[in-house]
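S.K.: So that we are looking at the same thing, I have put the structure below in structure tokens.
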Amino acid sequence: MPRISHLYFKTAVLFLILGIGMGLNMAISQDHSVIGAHAHCNLLGWVTMALFGGYYALNPRKAERRIAMIQYGIYTAGVTLMVPSLYLMLLGNMAMEPVVAIASIITFIGVLLFAFVIFSGEQVAMTPSTPSYR
Ligand code: HEM
């Protein structure tokens, strides 16, 4: 598996642990006010990052491109800034609002870069090998 896929899965599972932690905390405390932070942590952090990592694993040529690592850095920075700032904002800290806005834009730039990676360069995907059952 390419290095960037490993990086994406390592980062993704950290967001899953954090997201589940928030979910359990909401369930135990019966206070669901941070539901948006929980959902975004799990969906932008765990699910989307795992999809990005899977795409790079299936397209190793694209994983080697410098733009792939730039895309990882920008997307990860956006989500890492967004989740805690959104969490604090939902707890009532409205000073976090501009931070959430900036983090959302950084995350979106990361997504646009991923679209660029998909549509640009060589379109050669790895052919899955047939498993041997002997
Ligand atoms: C043990 C793991 C988890 C726990 C304990 C948990 C707990 C919760 C709780 C308590 C809520 C609030 C429900 C409400 O107020 O209606 C919630 C909402 C939500 N959770 Fe989780 N969650 C877990 C895992 C996940 C995962 C893995 C994902 C996504 C991949 C996820 C996505 C969501 C979403 C999207 C909502 C919002 C649903 C809505 O607004 O209708 N959760 N979760």
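Each reported figure results from applying straightforward, stated rules to the coordinates on display, with no laboratory input. Owing to the predicted nature of the structure, the values given are computational and were not obtained by experimental measurement. Glycine also receives a Cβ, built like all others from the backbone with ideal geometry; neighbour counts cover every protein chain displayed.
S.K.: Simple spin-label model, 7 Å along Cα-to-Cβ: L58 to Q30 in nm?
M.R.: 4.5 nm
S.K.: Could I ask something else about it? I need the helices of the chain that pass two filters: whole DSSP H segments spanning 18 Å or more by Cα along the axis, and mean Kyte-Doolittle score no lower than 1.0.
M.R.: Both cut-offs are met by 3-29, 66-90, 97-119.
S.K.: Within 15 Å, Cβ to Cβ, of Y56, how many net charges do the neighbouring residues add up to if Lys/Arg are +1 and Asp/Glu are -1?
M.R.: Neighbourhood net charge equals +4.
S.K.: So, R0 is 41 Å and r is the distance between the beta-carbons of K10 and E97; what FRET efficiency does that work out to, to 0.05?
M.R.: Computed FRET efficiency for K10 and E97: 0.85.
S.K.: What per residue convex hull volume, in Å³, comes out for the stretch 3-119 when only alpha-carbon positions are used?
M.R.: Measuring per residue, one finds 75 Å³ for the Cα hull of the stretch 3-119.
S.K.: Can you give the charge dipole size of the chain about its Cα centre, rounded to the nearest 20 debye, using +1 on the beta carbon of Lys and Arg and -1 on the beta carbon of Asp and Glu?
M.R.: Computed about the Cα centre, the dipole is about 580 debye.
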